[in-house]
Amino acid sequence: MFDAIAKGFRQAKNRLAGLTELTEQNIETALREVRLSLLEADVELGVVKVFLARVKEKALGEVVRVRAKGQGGETMKVSAADQFVKICHDEIIEFMTGEGPALTFAEKGITGIMMVGLQGSGKTTSSAKLARYLQKDGKKPLLVAADMQRPAAVEQLQVLGKSVDIPVFNIPGESPVAICEKAEAEAKRLGRDVIIYDTAGRLAIDEALMQELADIKTKVEPENILLVVDAMIGQDAVKVSKGFHDRLSLTGVVLTKLDGDARGGAAMSVKEVTGAAVRFAGIGEGTDKFEEFRPEGMASRVLGMGDVVGLMKDFEDVVDQEKAAADAMKMLQGDFTLDDFLAQIRMIQKMGSLKDIMGKLPGMDQLPADVNLDDRELVKIEAMISSFTSFERRDPYALIREPSRVARIARGSGTPEQAVSELVQRFLFMKQMMGNMGGMGGLLGNIPGMR
Ligand code: GDP
């Protein structure tokens, strides 16, 4: 989803590859690549300029600091590319991290969350997704259908509410303001502690809509006002956010359709423009395709480090937390065997869509397209790994040293030799990536031809 930005950072990194020192000149060259990719990814021009200025300032600061150290006879241990990436990583996080928690809950009484946004942004869907998300967290939400503008919105919310087993409040024929006003009494009656107001949208910002929303805000005084923005609208996201923010003072943003081919730039722009950060991400049509937005995960993905933390969170839903933490440590230290790989493949089968998971693995975005895994392929992989001897599982390099082993496994598992070789390459690549991430560069040297 953030491929365009990722590409630019990769190119910037490549430009600096092999250089040990950041200099004014190579910083400029790298920044040019980053600038192009940010624009291509729909980050707003003003935001791009501020971002580049900050990265440049920090990188130049680094040049001065390193030179000063250098005079003292100290040598640099990290490369120019690593320094530059680290600065970009920190800055991306800075650009997207909001203050405090994603949602504010009332100290006593009922918490209000008002959802606003343009028609088609995914507001109704996101209201139901958020309700489900909060319900999983032990809250008791009530959904309020106050979008009387779009003909099917009320029914849509009722259907969604039913599917996640959350009550939906509406009074046919009443005005949106009156419905919202009466929702609190209904919440009390039903023993609910959070109210999510799904308000009306328009195709574009207009005064009548803003007035209606401002009236609802005055009446219900919600603790949270979340703007729902479709990531596909690209640069327009900035204009829309600003329009809503000026009238309503947003507390956060839900960025939807990040599963599509949106270029993701909106994620970096909205906080700079409104002060309200992206707090949640919509990543599909289903009510479970919703997650808290984590700037660290996005920064790592953009910079080609993969989103291991996100991946681990998915694991945690399936396995117990302690085991997930131990697995994470193993992966990060590059201490990752084929047995672990097999165990995780089995777990992956329990975890749902493989595509989502592969997208989070470090380096997977750089693999050639023809190694796309689908779920049927998992069965084959399992068959292949089952044909490995325990020695081979512990030391898969043996297959590279002795190709006759590949032939034996291919026969044993009924798969082509090429598939076995690819599996080994893929595993070693993954292991290498994970080793790199943990800073255990030593692994690199162990992998013939994989430097
Ligand atoms: P509203 O007019 O703002 O209430 O928009 P809806 O909630 O009806 O959503 C508009 C369309 O976008 C629907 O077809 C939703 O299924 C779809 N949609 C919403 N969120 C997402 C998302 O995160 N990913 C994808 N792929 N589709 C989404």
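The values are calculated or read from the model by the stated rules, or taken from the named source; none is laboratory data. As the structure is a prediction and not an experimental result, all values here were calculated from the model. When we count neighbours, we look across all protein chains shown, and the Cβ atoms used for this are built from the backbone with ideal geometry, even at glycine.
Worth pointing out:
- Residue tally, condition free of Cβ contacts under 8 Å to residues at least 12 places away in the same chain and hydroxyl-bearing (S, T, Y), over the stretch 192-250: 1
- Restricted to the stretch 138-154, and to residues there that are of a type in the set (G, A, S) and in a loop (DSSP other than H, G, I, E, B), the residue that is nearest to the ligand (Cβ to nearest atom) is A152.
- Any hit, the stretch 424-436, residues being touching a helix residue (DSSP H, G or I) at 6+ places or on another chain (Cβ under 7 Å) and modelled with pLDDT of 85 or more: yes
To keep it simple, each residue is scored yes or no on (1) within 16 Å of the ligand (Cβ to nearest atom); (2) within 22 Å of I166 (Cβ to Cβ); (3) modelled with pLDDT of 95 or more; (4) in contact with a helix residue (DSSP H, G or I) (Cβ under 9 Å, 6 or more places away or on another chain).
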residue: D215; (1), (2), (3), (4): no, no, yes, yes
residue: L258; (1), (2), (3), (4): yes, no, no, yes
residue: K271; (1), (2), (3), (4): no, no, no, yes
residue: A276; (1), (2), (3), (4): no, no, no, yes
residue: I283; (1), (2), (3), (4): yes, yes, no, yes
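- Residue ID - surrounded by the most Cβ atoms within 10 Å (Cβ to Cβ), chosen from residues in the stretch 80-105 that are of a type outside the set (V, I, T) and not in a helix (DSSP H, G or I): L103
- The residue that is farthest from the chain's Cα centre (by Cα), counting only those in the stretch 115-137 that are at pLDDT 95 or above and away from the ligand (no atom under 11 Å from the Cβ), is Q135.
- Odd one out for L19, checked against (1) over 30 Å from M232 (Cα atoms); (2) free of Cβ contacts under 8 Å to residues at least 40 places away in the same chain: (2)
- Qualifying positions in the stretch 162-213 - of a type in the set (S, T, N, Q), away from the ligand (no atom under 16 Å from the Cβ) and part of a loop (DSSP other than H, G, I, E, B): S175
- Only one of G265, G243, G234 that is among the small types (G, A, S), modelled with pLDDT of 85 or more and within 25 Å of K49 (Cα to Cα): G243
- The set of residues from the stretch 285-318 being modelled with pLDDT under 90 and either β-branched (V, I, T) or within 14 Å of the ligand (Cβ to nearest atom) (or both) comprises V302, V308, V309, V318.
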